[in-house]
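The values are calculated or read from the model by the stated rules, or taken from the named source; none is laboratory data. Note that this is a predicted model, so its numbers are computed, not measured. All Cβ positions, glycine included, derive from the backbone under ideal geometry; neighbour counts span all protein chains shown.
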């Protein structure tokens, strides 16, 4: 298993940012840009056309991009120091040997505070303001998704199109990350653990008065990864309406 951190350039960062600044995008996604870059005029940005937004981001963020230059090497060094232990821990969790596998994972270091992942391409983005340990935490979260859905597909033989939002399989996968990352060898290397979920809803959600994450931890502790996938997803199906209600 190997992750390669790289800087794809300012244009990539701008394009990545614009993915989450569309009119139909929710405020949770859009707000982060203005929290980290208060120099941007939000009212102007939201009135502007697509090309105007792109030009303004290039102009305003070109100087900021210089701060990114040393980050990929720092992130890579920290990953390399921890790679063996991470590989062993994840191989144990997913019950598959990882030697010689998953060597093509790529992590683009960008100016975008929202860090999308691309399952089919085994790549994801990392915000440049992460520390090396924070970048490792982001990598762990996304690698779990890569392994999770490969194992999931081998178990269920379903359509990978259902692995992304708004499908229930995507919702469950975000809930599943925290129990997996609690394993020794992973938890102590992740500065975001135990708050390791990217979204707030798994941590705040309850069903029948019980925290959902407490239930997920219990299901995971009751068997291996396949058991967790089967029983955890059954739980999500049984309570889908309530889960989606609280996500809103």
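Summary of values
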| read-out | value |
| --- | --- |
| Number of positions in region 181-207 that are more than 29 Å from residue 27 (Cβ to Cβ) and either surrounded by 13 or more Cβ atoms within 10 Å (Cβ to Cβ) or modelled with pLDDT of 95 or more (or both) | 7 |
| Tally of residues being surrounded by fewer than 17 Cβ atoms within 10 Å (Cβ to Cβ), in contact (Cβ under 8 Å) with a residue 24 or more places away in the chain and not in a helix (DSSP H, G or I) across region 128-175 | 3 |
| Answer from 142, 218, 238, 242 - the residue that is more than 30 Å from residue 110 (Cβ to Cβ), modelled with pLDDT of 95 or more and touching a strand residue (DSSP E or B) at 6+ places or on another chain (Cβ under 6 Å) | 242 |
| Within region 204-244, tally of residues that are closer than 12 Å to residue 178 by Cα and touching a residue at least 24 places away in the same chain (Cβ under 8 Å) | 5 |
| Given (1) surrounded by fewer than 16 Cβ atoms within 10 Å (Cβ to Cβ); (2) touching a helix residue (DSSP H, G or I) at 6+ places or on another chain (Cβ under 9 Å), index of the condition residue 13 fails | (1) |
| Flag for residue 57 being surrounded by 12 or more Cβ atoms within 10 Å (Cβ to Cβ) and either touching a strand residue (DSSP E or B) at 6+ places or on another chain (Cβ under 6 Å) or modelled with pLDDT under 95 (or both) | no |
| Residue in region 78-92 that is within 24 Å of residue 18 (Cα to Cα), crowded, with 17+ Cβ neighbours inside 10 Å, in contact with a strand residue (DSSP E or B) (Cβ under 6 Å, 6 or more places away or on another chain) and at pLDDT 95 or above present | no |
| Residue in region 208-218 that is surrounded by the fewest Cβ atoms within 10 Å (Cβ to Cβ), counting only those that are closer than 15 Å to residue 238 by Cα and within 22 Å of the chain's Cα centre (by Cα) | 215 |
| Residues of region 27-41 classified as part of a helix (DSSP H, G or I) and either modelled with pLDDT under 95 or over 30 Å from residue 247 (Cα atoms) (or both), total | 6 |
| Test: residue in region 91-104 that is out of contact with any helix residue (DSSP H, G or I) (no Cβ under 8 Å at 6 or more places or on another chain) and assigned to a helix (DSSP H, G or I) | yes |
| Residue 64, sole failed condition from (1) on the phi > 0 side of the Ramachandran plot; (2) assigned to a helix (DSSP H, G or I) | (1) |
